[in-house]
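Notes for the one structure printed next.
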Amino acid sequence: MKPKFNPGREVMTRGVSNWASPDNDGGEVYDQLLACLRRHVSGDWGDVCPEDQESNRVALINGDRLLSAYTIDGQKIWIITEADRSSTTILFPDEY
């Protein structure tokens, strides 16, 4: 998958980090998070509605914020890239 944009600094919230920690048997989760990040950067927005898919398509052109949603082991995560492409954050929806 070819990247469609530069994600900037890649970070995750403390909640996601704790969930994906090898200390919590989250090593496999961490690998899945990286796979989702690769999908996000390649323009595979995951489980977002058609309106959000269209917003992301336009955002790639106009330089607006990008949002993807994925589910890992029954847990929904969001990946958000800021409009200025300075950073991309992996977070739980309730952390937004």
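With each label modelled as a point 7 angstrom along the Cα→C-beta vector, the SER86-SER17 pair spans 1.9 nm. Helix-only arithmetic for the chain: the sum of -39500 (n - 2.57) across DSSP H runs with n ≥ 4, divided by the residue total, places the mean residue ellipticity at 222 nm at -11000 deg cm²/dmol. Report, to the nearest 10°, how far helix 27-41 tilts away from the longest principal axis of the Cα atoms in the chain, using its own Cα long axis and a range of 0 to 90°. The answer is roughly 0 degrees.
To the nearest 10 degrees, how steep is helix 50-62 against the longest Cα principal axis of the chain, on a 0 to 90 scale? Its long axis makes an angle of about 70 degrees.
In a shell of Cβ-Cβ distance under 9 Å around SER42, excluding SER42 itself, what net charge do Lys and Arg (+1) and Asp and Glu (-1) give?
Numbers: positive: LYS2, LYS4, ARG38, ARG39; negative: ASP44.
That sum, taken over residues with Cβ under 9 Å, equals +3.
Taking the Cα centre of the chain as origin and assigning +1 to Lys and Arg Cβ atoms and -1 to Asp and Glu Cβ atoms, the resulting dipole is close to 420 debye. What net charge do the residues around GLU10 carry, taking every other residue with its C-beta under 14 Å from that of GLU10, with Lys and Arg at +1 and Asp and Glu at -1? Here the charged neighbours net out to +3.
When the Cα atoms of the range 14-85 are enclosed in a convex hull and the volume is divided per residue, what value in Å³ results? Kindly include the intermediate steps, with their values, before the conclusion.
Details: hull volume 5.9 nm³, N = 72.
Dividing the Cα hull volume of the range 14-85 by its residues yields 82 Å³.
Computed from the coordinates by the stated procedures, all read-outs in this text should not be read as laboratory data. Note that the structure is predicted; figures quoted are calculated from it, not measured. All Cβ positions, glycine included, derive from the backbone under ideal geometry; neighbour counts span all protein chains shown.
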